[in-house]
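Single-structure report; data block below.
The values are calculated or read from the model by the stated rules, or taken from the named source; none is laboratory data. Worth saying up front: this structure is predicted, and the values here are computed from it rather than measured. Cβ: placed from backbone, ideal geometry, glycine included. Neighbour counts: every protein chain shown. What goes into the accessible areas is simple: the full protein's heavy atoms, side chains included, and nothing from ligands, DNA or RNA. Shrake-Rupley method; radii C 1.70, N 1.55, O 1.52, S 1.80 Å.
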Amino acid sequence: MADLFASDDALTGADAVSDTAPLADRLRPRTLAEVVGQEHLTGSEGAIGRMVAAGRLSSIILWGPPGTGKTTTARLLADAVGMRFEPISAVFSGVADLKKVFAAAKEHGRRGDKTLLFVDEIHRFNRAQQDGFLPFVENGTVTLVGATTENPSFELNAALLSRAQVLILRRLDAAALEQLLDRAEAVTGRALPLDADAREALVASADGDGRFLLNQVETLYAIDIAEPLDPAGLSALLHRRVAVYDKDREGHYNLISALHKSLRGSDPQAALYYMARMLVAGEQPLYVLRRLVRFAAEDIGLADPQALVQCLAAKEAYDFLGSPEGEVAIVQACLYCATAPKSNAAYMAMKASFKSARDTGSLMPPQNILNAPTKLMKDVGYGKGYQYDHDAADGFSGANYWPDEMVPQTFYAPTDRGYEARIAERIAYWQRLRAERGAG
């Protein structure tokens, strides 16, 4: 699919754009300087700006959301360094198409013409197909410019990534989208039929996608609107862009990471925002609940033992009520976790104890704490000298419970936050008694 401002004609090298062409085609940039929102790359100090200034282009991967100008940037980059622009889409192309492209690039290379091979949706090629690019990139037959909306770390071969620089295109901000609206009004000679608030709402509705915004503008121009629309009128006429959120891809992991970090940082407002982003975009509520349960155990633990209880209760409430009524229970659990005292002491104790268990293997516990259900076991010393704590002063014997070959370890170190402060006092009390009784 063509990217921001790029038409099929543009991709085949045609320059003329008629007045009846789609607005996005009529507004497509003629130079890299006209690409909006990506100045960090196209400016004189940006990676693309430096390549153009040097007149040398290396293979790159353009990674960014839809409608941010990946195809347009690649096409203009080819123009800027005097290369053939050869576009293919991984959605519609296969091995046979690639062979034709490489053969043509070789032929043009013999005549001194270098080829920029632009591969849209490059992540859709499988691993073997991606490997097929390598010899032609290495021997200079083509300079590869790939475009993807997915995280290259997950979707592209390491060998391909090692030969290409990843450049990140940013979601278009409000200022960049406003530039597109200004250009649309200038090229059409018509003001948008919107009041100031509706214009702001139109920009927000695009969610950073320039192509979507211009399609919305074209719809507005195609309708006979007598009076400028307010936000309510605009909402009734147009729809919002659906938020980008792939449940098994980077958007999913970014938002759950943001939720977890906001909870850990005790910011209930941000935590609610990211949780709402996930649920509004269609995430399964039970997935969010599972993450809250995990957070309660990992990041709160015994600083507030009720956090885990609250999260499990929220799961039960959601199972009982369903959506949308049950979602308020998820909100309650989220707020409880965000505002609870934090401690990862139990989580760290788990990791340390598991490591020790793996390292020490099958050491026998001391015989005094082993049961002796048979006469033979009793005769060899099982249970001998065991002190029943309830019979000892303070209900504490101070006996040794560690294998004879091990020095006693400390895995759990409670913090001074929340309920753990009381636990820390108890542990210190028992350590003092143990030392006094000579077993420490």
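Amide H contacts under 5 Å for residue 61: 146, 165, 166, 167, restricted to partners 5 or more places along the chain or on a different chain, H placed in the peptide plane at 1.01 Å from N. Pairwise Cα distances in the stretch 142-300 exceed 23 Å for 56 percent of all pairs.
Normalised by 2.2 N^0.38 Å, with N the number of residues, the alpha-carbon radius of gyration of the chain equals 1.44.
Summing -39500 (n - 2.57) over the DSSP H runs of n ≥ 4 in the chain and dividing by its residue number, what mean residue ellipticity at 222 nm do you reach, to the nearest 500 deg cm²/dmol? If you can, show how the numbers build up before the last one.
On the way: 21 runs with 219 residues, N = 440.
For the chain, the value works out to -15000 deg cm²/dmol.
Divide the volume of the convex hull around the Cα atoms of the stretch 295-407 by the residue count and you get 189 Å³ per residue. Candidate cross-link partners of residue 99 among the aspartates and glutamates, defined by an alpha-carbon separation under 17 Å and a same-chain spacing of 8 or more, comprise 86, 107, 120, 131, 138.
Local charge sum around residue 340 (other residues, Cβ-Cβ under 14 Å, Lys/Arg +1, Asp/Glu -1)? Please list the in-between numbers first.
Working: positive: 264, 342, 417; negative: 267, 298, 299, 304, 420.
Result for the local shell: -2.
Note on the chain: GNM, Cα springs under 10 Å; of 348, 377, 275, the largest mean-square fluctuation is that of 377.
When you filter the GluC sites (Glu not before Pro) in the stretch 387-440 for DSSP loop state and at most 15 other Cβ atoms inside 10 Å of their Cβ, you are left with 405.
Rounded, prolate or oblate, given the Cα gyration tensor of the stretch 109-212, with a/c below 1.5 counting as rounded? Taking the square roots of the gyration eigenvalues as a ≥ b ≥ c, the stretch 109-212 is prolate.
So which chymotrypsin sites (Phe, Trp or Tyr not before Pro) in the stretch 294-396 are both in a DSSP loop and have at most 10 other Cβ atoms within 10 Å of their Cβ? Within the stretch 294-396, the qualifying chymotrypsin sites (Phe, Trp or Tyr not before Pro) (loop, at most 10 other Cβ atoms within 10 Å) are 388. The C-alpha atoms of the chain define a longest principal axis, and helix 420-436 lies at about 40 degrees to it. Electrostatic tally near residue 400: other residues with Cβ closer than 12 Å to its Cβ, Lys and Arg +1, Asp and Glu -1, net +1.
In the context of the full set of protein chains, the chain has a per residue accessible area of 53 Å² (1.4 Å probe). Ranking 100, 315 by solvent-accessible area of protein heavy atoms (1.4 Å probe, all protein chains present), from largest to smallest, gives 100, 315. If you filter the stretch 45-96 for chymotrypsin sites (Phe, Trp or Tyr not before Pro), then keep DSSP loop positions with at most 16 other Cβ within 10 Å, what is left? Of the chymotrypsin sites (Phe, Trp or Tyr not before Pro), the ones in loops of the stretch 45-96 whose Cβ has at most 16 other Cβ atoms within 10 Å are 92.
Ignoring ligands, DNA and RNA, what percent of the 1.4 Å accessible area of the chain is carbon and sulfur? It is 54 percent, rounded to a whole number.
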